[in-house]
Amino acid sequence: MTRRRIAEAARRLFTARGYGATTLKAIAHEAGVAVQTVYAVYRSKPGILRALRESLVRQPEANALYEASLKEANPGRKIDLFARSIRNRWEHGHDIVAVHEQAGRTDRTVYKEVEKVLAVRRNGIARLAQSFGSQVDGARTTAILDALTVPDVYTELVEINGWTPDDYEAWLARTLRQQLLP
């Protein structure tokens, strides 16, 4: 419970104030705990950020949808499952990605962690492109999947332009179908 309160407080403050401007003291205050508790639970701001990132990476529903998309033989259904997995992931974590990118610009340790996560994402996108088999051009498919599914696109459409997550998912599936299927 305390761990979650600290993480949620940090997430709110990182998003509202920025990673660099948020102190552990402010996080402790927002969470209603002592600063020593924050140190004891997470050790540091990068430790809190790491926990937030891991919660995003471990999303069971998004991961299950992605795995199902890899196994799906029907290309249209494969795209639908993948679009739902991306919507699910960004609906619950686009802000965490933005904070990570921001923190990576000023903190070398965070930057290295962000690069590792991006490599895992690129590998997952490539795996999905390969799962289409010879039906599509693998390099082109990978580039399209990567470009259209970055969290910035979700943020632009949903947070800035007022689309619903359902609108985003439908648009993503439709656009991927148009771009990838003959």
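The values are calculated or read from the model by the stated rules, or taken from the named source; none is laboratory data. All of these numbers come straight from a predicted model, not from anything done at the bench. Every residue, glycine as well, gets a Cβ built from its backbone with ideal geometry; the counts of neighbours run over all protein chains shown.
Pairs are defined by a Cβ separation below 6 Å, a sequence spacing of at least 6 or placement on different chains, a first member in segment 124-138 that is within 15 Å of GLU72 (Cα to Cα) and without any contact (Cβ under 8 Å) to a residue 24 or more places away in the chain, and a second member that is crowded, with 17+ Cβ neighbours inside 10 Å and among the hydroxyl-bearing types (Ser, Thr, Tyr); the pairs so defined are ALA129/THR141; ALA129/THR142. When segment 140-161 is examined, which residues are found to be over 15 Å from ARG121 (Cα atoms) and either β-branched (Val, Ile, Thr) or exposed (fewer than 13 other Cβ atoms within 10 Å of the Cβ) (or both)? Of everything in segment 140-161, those that are over 15 Å from ARG121 (Cα atoms) and either β-branched (Val, Ile, Thr) or exposed (fewer than 13 other Cβ atoms within 10 Å of the Cβ) (or both) turn out to be ARG140, VAL153, THR155, VAL158, ILE160, ASN161.
Residues of segment 32-39 include none that is in contact (Cβ under 8 Å) with a residue 60 or more places away in the chain and either assigned to a loop (DSSP other than H, G, I, E, B) or under 15 Å from the mean Cα position of the chain (by Cα) (or both).
Residue count for segment 68-83 satisfying the condition of being closer than 12 Å to LEU176 by Cα and either crowded, with 17+ Cβ neighbours inside 10 Å or among the charged types (D, E, K, R) (or both): 8. In segment 8-26, the residues that are in contact (Cβ under 8 Å) with a residue 12 or more places away in the chain and not assigned by TED's automatic domain parsing to the domain that holds GLY104 form Cβ pairs under 8 Å with partners that are buried (at least 21 other Cβ atoms within 10 Å of the Cβ) and not in a helix (DSSP H, G or I), at six or more places apart or across chains, as follows: ALA10/THR22; LEU13/THR22; PHE14/THR22. Residues being under 28 Å from ARG17 (Cα atoms), among the polar types (S, T, N, Q) and not in a helix (DSSP H, G or I) are entirely absent from segment 66-76. Taking LEU56, is it aliphatic (A, V, I, L, M), modelled with pLDDT of 95 or more, in a helix (DSSP H, G or I) and at negative phi? It is false that LEU56 is aliphatic (A, V, I, L, M), modelled with pLDDT of 95 or more, in a helix (DSSP H, G or I) and at negative phi. Among residues that are out of contact with any helix residue (DSSP H, G or I) (no Cβ under 8 Å at 6 or more places or on another chain) and either buried (at least 17 other Cβ atoms within 10 Å of the Cβ) or in a helix (DSSP H, G or I) (or both), ARG174 is included.
Of all residues in segment 109-131, exactly one satisfies the criterion of being modelled with pLDDT under 90 and either among the polar types (S, T, N, Q) or over 18 Å from LEU52 (Cα atoms) (or both), namely THR109.
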